[in-house]
Amino acid sequence: MNLQEFFAQHPKVAIAFSGGVDSAYLLYAAIQYAEKVRAYYVKSQFQPQFELDDALRLAEELGADLHVLHLDVLSAPYVAQNPANRCYYCKKAIFGAISAAAASDGFSVLLDGTNASDDAGDRPGMRALQELSVLSPLRMCDLTKAQIRQLSREAGLFTWDKPSYACLATRIPTGEEITAQKLHATEEAEDYLFSLGFTDFRIRTQNGSAKLQMPEAQLPLLMDHRKDVLAKLKNYYTGVTLDLEVRG
């Protein structure tokens with residue numbers, strides 16, 4: 001099966017849209033082949049503002065019908081407690097909100113951007129998607145991440161080389177309570193590093209300190225801005241450390 005055949009079988013679809021590489025290409029393909037498509041973006045405390053900005057930009061460029069839903073994900077059962085299966089409860093809340101909105105708008109088929117490179121075994125939220133009967137056409141059509149990036153590039157989507165980005169909650173160790181304050185600190189600190197030219201990095205919380213994880217090639221840039229980075233991050237963290245085990 002290819003995507004054109006998939007959308008011939010499912011001509012009216014709702015898409016859970018994150019603004020990332022996979023869901024961006026899925027939305028593009030749906031606009032090409034489906035009869036009617038509506039995208040839904042959920043803005044919660046776990047998504048930084050730049051992800052919403054990217055989603056709005058792409059939707060405008062594609063002329064897509066995009067609805068933005070606002071969700072207090074920390075009020076969902078167990079999410080703030082941050083158990084090992086937090087992603088299950090988070091996905092349940094987010095996709096539950098999208099499913100309800102889509103159903104209210106007359107859409108009975110909900111899609112997500114899971115691709116053939118994603119390992120269901122290490123995706124705690126996969127069970128939630130299955131329970132909500134979410135379809136993953138990129139996976140069903142055996143499209144890998146590399147293929148999706150190439151197809152996105154050919155389609156002229158600016159997301160084709162966008163780095164993978166895990167939600168802000170992943171910066172907080174399992175078992176440690178997630179709060180809006182911690183998420184805000186992470187977003188502000190990472191935004192600052194983005195502004196200095198850093199890419200594909202993470203700032204993780206460790207006992208109140210910030211642990212920087214970034215590719216080895218970016219370490220010279222870090223040293224160039226060492227004093228500024230320390231001064232900025234100490235507004236949010238008790239200390240700043242560098243994870244030297246990260247390779248890249």
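Read the figures in this text as sums done on the coordinates, not as results from a lab. Note that the structure is a prediction, hence the values are computed from the model and not measured. Ideal geometry is used to build each Cβ from the backbone, glycine not excepted, and the neighbour counts take in all protein chains shown.
Here are the numbers:
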{"quantity": "DSSP-defined beta bridges in the chain - what % are antiparallel, rounded to 5", "calculated": "25 percent"}
{"quantity": "Normalised convex hull volume, region 142-186, alpha-carbon set, Å³ per residue", "calculated": "109 Å³"}
{"quantity": "At 0.692 mPa s and 37 °C, Stokes diffusion of region 8-89 via Kirkwood alpha-carbon radius, µm² per second", "calculated": "237 µm²/s"}
{"quantity": "Estimated [θ] at 222 nm from DSSP helical runs (n ≥ 4, -39500 (n - 2.57)) normalised by residues in the chain, nearest 500", "calculated": "-12500 deg cm²/dmol"}
{"quantity": "For the chain, size of Cβ-based charge dipole, Lys and Arg +1, Asp and Glu -1, in debye", "calculated": "420 debye"}
{"quantity": "Karplus 3J(HN,Hα) series, Hz, for region 48-65 with 6.51 cos²θ - 1.76 cosθ + 1.60 (x for Gly, Pro)", "calculated": "x, 4, 5, 5, 5, 4, 5, 5, 5, 5, 5, 4, 5, 5, 8, x, 7, 8"}
{"quantity": "When each of 145/211; 12/182; 91/182; 43/145; 92/162; 162/182 is checked by Cα-Cα distance, pairs over 30 Å", "calculated": "12/182"}
{"quantity": "Long-range amide H partners of residue 68 with built H, under 5 Å", "calculated": "41"}
{"quantity": "Mean Cα-pair separation over length for region 86-167, i.e. relative contact order, pairs under 8 Å, 6 or more apart, %", "calculated": "30 percent"}
{"quantity": "Neighbourhood charge, 11 Å Cβ-Cβ cut-off, centred on residue 79 and excluding it, Lys, Arg +1 and Asp, Glu -1", "calculated": "+1"}
{"quantity": "Ratio of the Cα radius of gyration of the chain to 2.2 N^0.38 Å, where N counts its residues", "calculated": "1.05"}
{"quantity": "Shape parameters for region 129-248, alpha-carbon atoms, Rg then Dmax in Å", "calculated": "17.4, 50"}
{"quantity": "Nearest 10 degrees, 0 to 90: helix 180-195 Cα axis against the chain principal axis", "calculated": "80 degrees"}
{"quantity": "Crossing angle, helix 21-33 versus the chain [Cα axis fit, 0-90 degrees, rounded to tens]", "calculated": "20 degrees"}
{"quantity": "Amide H contacts of residue 206 (H built 1.01 Å from N, under 5 Å, at least 5 apart or other chain)", "calculated": "211"}
{"quantity": "Kirkwood estimate for region 179-242, i.e. one over the average of 1/r between Cα atoms, Å", "calculated": "11.7 Å"}
{"quantity": "Length-normalised contact order of the chain in % [C-alpha pairs under 8 Å, at least 6 apart]", "calculated": "18 percent"}
